[in-house]
Structure formats: structure tokens, C-alpha cells
Amino acid sequence: MKKLVLTVAIALGGLSTYATTAFNMNQTEKFEIVAQEEFKEIKAEALPQAVKDALAKDFQTATLDKAYVNDKQEYKLEITLDGAASTVYADKDGNWIEKE
């Protein structure tokens, strides 16, 4: 009788492992949406005087390669500074903006 009870217990214990799920059903997927700003290329002459002055003052040895503007009148300036390419951002008043 003890062997029968032990056999049934082992059989039921073995079957219960198959009842567990292999995947965690409570997983939630996380999405990160990054809004990309749309910049349109403009000529260097179209930059506001305040931006030109700020560039000349703060980056004296820099060469302006390209200039872009977005709908919020923020300017993206691609410059060459000491042989290295760099990108800086400014508002219409010539204040520098930190962007990632």
C-alpha cells in the first residue's frame, strides 16, 4: 500500500511540472517614442543677425558649414571647429540651446 501511495504521489508531482507556463504572461512591452524635429536647410545669409553674432562671439575660429531652421525658429548649425565637425543649436535671439 505504501508503494502505491508513493507511486501516485510521484506521478502527480511529475504531472504538475507540466502545468506551469514557460512564459511570464504579465510582461508588458515598453515603447519609447522620440519626436524628431524637422529642420529645413537655409542659406547662411538667412540666419538672424543675433545668431550670427553669437556664433562669431562664442566660436571665433569656427566655420559655418550648413544652417537649418525648424518651425519653432530654432537653428541647427553645423560648424567646423579646429578641424572637427560639430553641431550647435540656437534660438532666434542667439541663445544657445542644449539638445541631445
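The values are calculated or read from the model by the stated rules, or taken from the named source; none is laboratory data. Just so we're clear, the structure is a prediction, and the values are computed from it rather than from any experiment. Here Cβ is always computed from backbone atoms with ideal geometry, including for glycine, and neighbour counts include all displayed protein chains.
Numbers at a glance
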quantity	calculated
Which listed residue is in contact with a strand residue (DSSP E or B) (Cβ under 9 Å, 6 or more places away or on another chain), modelled with pLDDT under 95 and part of a helix (DSSP H, G or I), from Leu12, Leu55, Leu4	Leu55
Residue count, the range 36-51 (criterion: surrounded by fewer than 15 Cβ atoms within 10 Å (Cβ to Cβ) and not in a helix (DSSP H, G or I))	7
